[in-house]
């Protein structure tokens, strides 16, 4: 046999493709780079690495975080693109954008605010904390941080089922003496 003893080729990022052609709801998180294509409906939150493509017939209602995001369909939600966001001519985006590079092709519709960030991948990693990180940072029990967040007593934003906290706001909150 000619294949005996040969190793399979290493998997490349472009080989890892996930395509969604149905209706989905929930929270999708990819820790490794993947090419994600959404052609159906999605409701929830998306965190991807690699490339996210939203097809021209897709409808997505979600806050989206990713490296390279290409939108050709309809999206309601905030977008954080570490590297680049492209709005194709058929795109309709209602939400705020944070990205280091933006390409809006003629015909695309964008309603929201746009913040251009020099090095988005460093900014998000350095400034955003989850509940566990805030608990360790403030030396407070995780359940208490979650209760404070749910009651609005600590500054944070809910992204899907997860809380995100800006380090500068947590520092300001802690310095104001609101920690009991």
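Highest-first packing order for the peptide set 104-112, 163-171 is 163-171, 104-112, based on the mean count of other beta carbon atoms within 10 Å.
How would you order 39-48, 147-156, 23-32 from highest to lowest mean count of nearby Cβ atoms within 10 Å? Display every interim value, and only then the final one.
On the way: 39-48: 19.4, 147-156: 15.6, 23-32: 12.5.
Put in order of decreasing packing, that is 39-48, 147-156, 23-32.
We did not get these values from a lab; they are worked out from the coordinates using the rules stated. None of these values were measured; they are calculated from a predicted model. We place every Cβ from the backbone using ideal geometry, glycine too, and count neighbours over all the protein chains shown.
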